[in-house]
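Structure first, then comments.
The values are calculated or read from the model by the stated rules, or taken from the named source; none is laboratory data. What you see is a predicted model, and the numbers here were worked out from it, not measured in a lab. Cβ atoms come from the backbone with ideal geometry, glycine included; neighbour counts cover every protein chain shown. Side chains are part of the model used for accessible areas, which takes the heavy atoms of the whole protein and leaves out ligands, DNA and RNA. Shrake-Rupley method; radii C 1.70, N 1.55, O 1.52, S 1.80 Å.
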There are 2 protein chains.
Amino acid sequence: MDINAIHSPADIKGLAIDELKQVCADMRKALIAKLAARGGHVGPNLGFLEATVALHLVFDAPQDKIVFDVSHQSYVHKMLTGRMQAFTDPAHYADVSGYTNPDESDYDLFSVGHTSTSVSLASGLAKARDLKGEHHDVVAVIGDGSLSGGEAFEGLDMASTFGSNFIVVVNDNQMSIAPNHGALYDNLTLLRESDGKAEPNYFKSLGYDYLYVADGNDLESLIAAFRKVKGSSGPVVVHLNTEKGMGLPVAEIHKEAFHYHGPFDAATGESPADDSADYIDLFADYMLRAMKRDSNVALITAGVPGAIGFGPARRDEAGRQFIDVGIAEEQAVAMASGMAKGGCIPVVGEPATFIQRAYDQLSQDVAINRQPVTFVTLYAGVRGMTDCTHLGFFDVPMISNIPGILFLAPTCAEEYEAMLEWSMGQREMPVVVRTPCGPVVNREGDFDVDYSRCGYEVVSEGERVAIIGAGAFLELARQSAAKMIEKGLNPMVINPRFMSRLDTATLDKLRDFDTVITLEDNSVDGGLGQKIAAYLGDSPVKVHVLGLPKEFADRYRPAELLASCGLTAEAICSLV
Amino acid sequence: MDINAIHSPADIKGLAIDELKQVCADMRKALIAKLAARGGHVGPNLGFLEATVALHLVFDAPQDKIVFDVSHQSYVHKMLTGRMQAFTDPAHYADVSGYTNPDESDYDLFSVGHTSTSVSLASGLAKARDLKGEHHDVVAVIGDGSLSGGEAFEGLDMASTFGSNFIVVVNDNQMSIAPNHGALYDNLTLLRESDGKAEPNYFKSLGYDYLYVADGNDLESLIAAFRKVKGSSGPVVVHLNTEKGMGLPVAEIHKEAFHYHGPFDAATGESPADDSADYIDLFADYMLRAMKRDSNVALITAGVPGAIGFGPARRDEAGRQFIDVGIAEEQAVAMASGMAKGGCIPVVGEPATFIQRAYDQLSQDVAINRQPVTFVTLYAGVRGMTDCTHLGFFDVPMISNIPGILFLAPTCAEEYEAMLEWSMGQREMPVVVRTPCGPVVNREGDFDVDYSRCGYEVVSEGERVAIIGAGAFLELARQSAAKMIEKGLNPMVINPRFMSRLDTATLDKLRDFDTVITLEDNSVDGGLGQKIAAYLGDSPVKVHVLGLPKEFADRYRPAELLASCGLTAEAICSLV
């Protein structure tokens, strides 16, 4: 059948196995064409194609509930549930998001983007079903990589106590985003090598019945396995051995590079070269130098080495000083505290959106203990990731209000390196260094200072009006100042350096100014500007606090979002 | 020997086994006397007494590193490491904190109070040791109850991959704070019942060698076991079967009540009755009524039923609508989202300090998905728990800056119930209802309103000066207003109701006032007052933002802390 005739899972339920295999082949072809044209999560979707077809063939969604972990592997699910056109017609490629999205379809149960949540979310659906006396299957899909996350463990541990239908499909492609890390993966290897028969068995230790599918890309095996567990009266794990990137040779070979990939040539896998230097490269190169200089320096990632500039080559170069704990942000942060206590110089590199998983560890394991861990957030601010599940707006309100953590926002390459250098050289406190996003800025300044003592940097002196531009928004402050100068004003421009504390001496000098404008590249609520407004609240100066909105903006365009918040030089200039 | 002659572990190392047993008996007697007089963590310390003696006999702290989970079981450790007087001399009872504390002793490695962190912290010490080429043992002590926390799993999963010495002592007393929940506990039962021989074995599945000690209160068995693993070249779990409350009959019988207990009669276990009604009772009674009225209502706790008013009797009454997920805050929050999606009315009751473990789940699993989960924080504000590891100051800055969550701060019993009622009756959004701490306040007002639409409550009209008193601090606002009236002023008093959004219509009316004073029972940074100051920043009104400090205050006295922040009626009155 023409895959464009598939509008819901009902359309494939009557098909013979050969027809189903042809549907798989045609969907794979369409998927590769779209991925090559637009980029996306290549490996996860190609590897889980047959399993998705088998799931929708055997289970009856949306009555049966299928919850995808991360949901970066849900493209085929979208194709089968009314959204085929978004994968076969280039004019409609942008119709769907890259994750499950309840606003798109009733088949999508949750808006998901972080890892390790599917079992917990599905356990809630199962518990609700049981309390309400309903009867349907609940299926949680989770990749091997996500199993290292604490939330996945907590979900597995609890859901199997319910004593009712609960099916966990483990999509084991022997990879996380990058290689897996954790002893659990030795157990999965043991299970694969023993055709699922070996002990110990992690899943059985948590109360699950267990079924192993040796070829998780073989449609018939998958259908048979899912039919076996459908209607199960207890908890069961179906462990699928799948091939990440299946059917696209370059993705099968280069599994890490093709986990997520931008547009590429489908035949060769080649993509347009991007030679522009960015802050991530600056960070990675700096860290390599720092590790070579001092064997006590260690760089820690929670499963996202590539996102912090450490692909295979740099990892090799860093050797044992580069530590990937797998997708386990709590462990990354708490272990870093222990390493600092043990005399090392740990640096945790983490996308701003993912460090959210470790609020309590930042507060308890690190901050109360005053351990000198350096946290480097990346993809922060308006030019970070633009999916509502991956926003980089909230690291400042989340972390800067925790006591004892110094939160630094560098404004240029020189200041970025100076702050990293200072933080790694001190033993007094945990520090966050927020990596700017966007084009690399270079400028001269007095950056080699003691950040435990120094105050704001006055970038240009002025009078009556002060613009305080934090981090990447110092450039916006300078542009706004330039516009004001055209209007005949002489604004002061300030780099506040700190998101977590105030330079009251400098702020006191602004008390008899007419206007103070604060600009910050993060959600304005709970941020720096509100602190400044409160501090200056009893003086006559007018304070305008500008920043990103407190909302889950989704697939936004940075320029549009900035304009909607008044964050353009023109709009800022019009405030005075 | 006289236990007062023990100043360090060296003092017990030469003792014969009978002498050691006498030391144990004498320490137990002293411990019970102090616990009876002062209260504290009764069961955990009595049950881990022999194990602590054996640990310090076999290992050589502080060169060898012993990390205690929660560290509520570290009293005997303190007795053996230079702090005996704090347990034998009533005049010195207050010299030590209830948790490990590096400011007290080099034997205390971390300031700890939340659960499930010891393995991760210890793994950092082990990794630092390995990177630095040092050689000593690293021992993580963890209770069975803490094993359900995701951070503990992440730590176990990672630490065993290091391929170096790492010893995990599992203190299995078959209890969490309350009964355990999770399939893992069936596995522990299986292991105990098989003398450690059964498969599956959770610890082996994570790569650990495994040693079982059937009588974890038998000093000789413990010493033998620890000697066996000391110097181990790989990861090993020593699983101890201990008796919580050992040696104090009332604590052995009433394990939940005597996990933590106030002062009591050592012979009978009786303690002075406290008949004063509090908000926790209000909450628990309200929830029981709500659950009886609607079978879709479910109350969820993450291992602390007693802390939310649900001791055994109320749990029995609630039946299956009361769900304890064990110590697993991430699971509690994410499961609640799934339950809401499945049509239930989930309420998560959680001490303000512990909900920190679930920032990401609040944001991702709940808020992005707009699921109508009601979160009730307890022990919030200055009158919550006073250890630096258990502060209730930070729930407002942490949660109120997450998009999409309505954060309500009731000011009295009537408003508290009305907010709970409203929240559980709507399906649009997640809501936090912050339980006031301190004496129950009753007052009349218009509380049965639509909290998705309504604005601030003007409690008393006035002019020129407005005092905005949030939550429990409305009373302080009223007292301050009374003082101002004595001075001839006529202040407006406002209950803002919301910590997460502004009533701009009411605030606009204050633009031509002389002074606005905001009072909030939480860390002032990232809180409500700063938002109000920013909103009013471009108007001439003076704004004073008052609240609790952004610091890890430790064992503070509420009245003193309030005075230090200017949070007295006198100090507030002096602002105008």
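When each of B:Asp157, B:Asp218 is tested for being of a type outside the set (Lys, Arg), touching a helix residue (DSSP H, G or I) at 6+ places or on another chain (Cβ under 9 Å) and within 14 Å of another protein chain (Cβ to nearest Cβ), the lone residue that passes is B:Asp157. Looking only at the range B:292-299, decide whether some residue is modelled with pLDDT of 95 or more, farther than 28 Å from A:Glu151 by Cβ and part of a helix (DSSP H, G or I). Yes: one or more hits.
Would you point out which residue out of B:Glu252, B:Glu256, B:Glu329 is within 14 Å of another protein chain (Cβ to nearest Cβ), on the phi < 0 side of the Ramachandran plot and not aromatic (Phe, Trp, Tyr)?
B:Glu329
Among residues of the range A:144-165 that are within 21 Å of A:Gly47 (Cα to Cα) and of a type outside the set (Gly, Ala, Ser), those with a beta-carbon under 9 Å from a residue that is open to solvent by 10 Å² or more (accessible area, probe 1.4 Å) and in a helix (DSSP H, G or I) at least six positions away or on a different chain give the pairs A:Asp144/A:Tyr185; A:Leu147/A:Tyr185. Only residues that are β-branched (Val, Ile, Thr) and either at the interface with another protein chain (Cβ under 9 Å from one of its Cβ atoms) or not in a strand (DSSP E or B) (or both) were counted across the range A:336-361, and they come to 2.
To keep it simple, each residue is scored yes or no on (1) modelled with pLDDT of 95 or more; (2) within 14 Å of another protein chain (Cβ to nearest Cβ); (3) open to solvent by 10 Å² or more (accessible area, probe 1.4 Å).
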| site | (1), (2), (3) |
| --- | --- |
| B:Ile177 | no, no, yes |
| B:Ala183 | yes, yes, no |
| B:Asp186 | yes, yes, yes |
| B:Pro200 | yes, yes, yes |
| B:Gly207 | yes, yes, yes |
| B:Leu222 | yes, no, no |
| B:Phe226 | yes, no, no |
| B:Ser232 | yes, no, yes |
| B:Pro235 | yes, yes, yes |
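One residue stands out in the range B:520-529 among those that are within 7 Å of another protein chain (Cβ to nearest Cβ), out of contact with any Leu (no Cβ under 6 Å at 6 or more places or on another chain) and open to solvent by less than 10 Å² (accessible area, probe 1.4 Å): the one that is nearest to A:Thr515 (Cα to Cα), namely B:Gly529. For B:Gly247, are the conditions met, namely being facing chain A (nearest Cβ under 10 Å), touching a helix residue (DSSP H, G or I) at 6+ places or on another chain (Cβ under 9 Å), of a type in the set (Gly, Ala, Ser) and open to solvent by 20 Å² or more (accessible area, probe 1.4 Å)? Taking the combined requirement at face value, the residue does not satisfy it.
Answer yes or no: is there a residue in the range A:5-16 that is modelled with pLDDT under 95 and either in contact with a helix residue (DSSP H, G or I) (Cβ under 9 Å, 6 or more places away or on another chain) or not polar (S, T, N, Q) (or both). Yes - at least one qualifying residue is present in the range A:5-16. For the range A:434-470, the set of residues classified as assigned to a loop (DSSP other than H, G, I, E, B), open to solvent by 50 Å² or more (accessible area, probe 1.4 Å) and more than 18 Å from A:Leu420 (Cβ to Cβ) consists of A:Pro439, A:Glu444, A:Glu461, A:Glu463, A:Arg464, listed by residue number. The conditions of being farther than 22 Å from A:Leu519 by Cα, touching an Asp or Glu at 6+ places or on another chain (Cβ under 8 Å) and at the interface with chain B (Cβ under 8 Å from one of its Cβ atoms) are not met by A:Gln364.
Looking at the range B:399-415, can you tell me whether even one residue there is surrounded by 24 or more Cβ atoms within 10 Å (Cβ to Cβ), assigned to a loop (DSSP other than H, G, I, E, B) and within 12 Å of another protein chain (Cβ to nearest Cβ)? Among the residues of the range B:399-415, at least one is surrounded by 24 or more Cβ atoms within 10 Å (Cβ to Cβ), assigned to a loop (DSSP other than H, G, I, E, B) and within 12 Å of another protein chain (Cβ to nearest Cβ), which makes the answer yes.
Restricting attention to the range B:1-10, the residues that are β-branched (Val, Ile, Thr) and assigned to a loop (DSSP other than H, G, I, E, B) total 1.
Which ones in the range B:189-198 are over 31 Å from the mean Cα position of the chain (by Cα) and open to solvent by 40 Å² or more (accessible area, probe 1.4 Å)?
Residues satisfying the conditions are B:Glu193, B:Asp195, B:Lys197.
Of the residues making up the range A:11-25, those that are over 31 Å from the mean Cα position of the chain (by Cα), assigned to a helix (DSSP H, G or I) and surrounded by 15 or more Cβ atoms within 10 Å (Cβ to Cβ) are A:Asp11, A:Ile12, A:Leu20, A:Lys21, A:Val23. Is there a residue being out of contact with any strand residue (DSSP E or B) (no Cβ under 8 Å at 6 or more places or on another chain) and closer than 20 Å to A:Lys255 by Cβ anywhere in the range A:125-139? No - not one qualifying residue is present in the range A:125-139. From (1) within 30 Å of A:Val333 (Cβ to Cβ); (2) open to solvent by less than 10 Å² (accessible area, probe 1.4 Å); (3) assigned to a loop (DSSP other than H, G, I, E, B), pick out the condition that doesn't hold for A:Gly98. Unmet for A:Gly98, out of (1) within 30 Å of A:Val333 (Cβ to Cβ); (2) open to solvent by less than 10 Å² (accessible area, probe 1.4 Å); (3) assigned to a loop (DSSP other than H, G, I, E, B): (2). Filtered by the rule that a residue be touching a residue at least 60 places away in the same chain (Cβ under 8 Å) and farther than 25 Å from A:Val42 by Cα, the range A:166-207 gives A:Phe166, A:Ile167.
Just give me the residues in the range B:38-94 being part of a loop (DSSP other than H, G, I, E, B) and among the β-branched types (Val, Ile, Thr), in sequence order.
Scanning the range B:38-94 gives B:Val70, B:Thr81.
Put simply, of B:Phe498, B:Phe473 the only residue that is open to solvent by less than 10 Å² (accessible area, probe 1.4 Å), more than 13 Å from chain A (Cβ to nearest Cβ) and aromatic (Phe, Trp, Tyr) is B:Phe473. Applying the selection to the range A:302-323, what residues are open to solvent by less than 20 Å² (accessible area, probe 1.4 Å) and either at the interface with chain B (Cβ under 10 Å from one of its Cβ atoms) or in a loop (DSSP other than H, G, I, E, B) (or both)? Selection gives A:Ala302, A:Gly303, A:Val304, A:Pro305, A:Gly309, A:Phe310, A:Ile323.
Inclusion of A:Asp130 among residues that are surrounded by fewer than 24 Cβ atoms within 10 Å (Cβ to Cβ) and either in a loop (DSSP other than H, G, I, E, B) or within 9 Å of chain B (Cβ to nearest Cβ) (or both) is warranted.
Screening the range B:531-575 for residues that are in contact with a Lys or Arg (Cβ under 7 Å, 6 or more places away or on another chain), more than 8 Å from every other protein chain (Cβ to nearest Cβ) and of a type in the set (A, V, I, L, M, F, W, C) and picking the one that is surrounded by the fewest Cβ atoms within 10 Å (Cβ to Cβ) gives B:Ala569. Selection over the range A:367-393 of residues that are charged (D, E, K, R), within 12 Å of another protein chain (Cβ to nearest Cβ) and more than 16 Å from A:Phe407 (Cβ to Cβ) gives a count of 1. Take the residues in the range A:160-175 that are surrounded by fewer than 24 Cβ atoms within 10 Å (Cβ to Cβ) and of a type in the set (A, V, I, L, M, F, W, C), then tell me which one is farthest from the other protein chains (Cβ to nearest Cβ). This residue is A:Met175.
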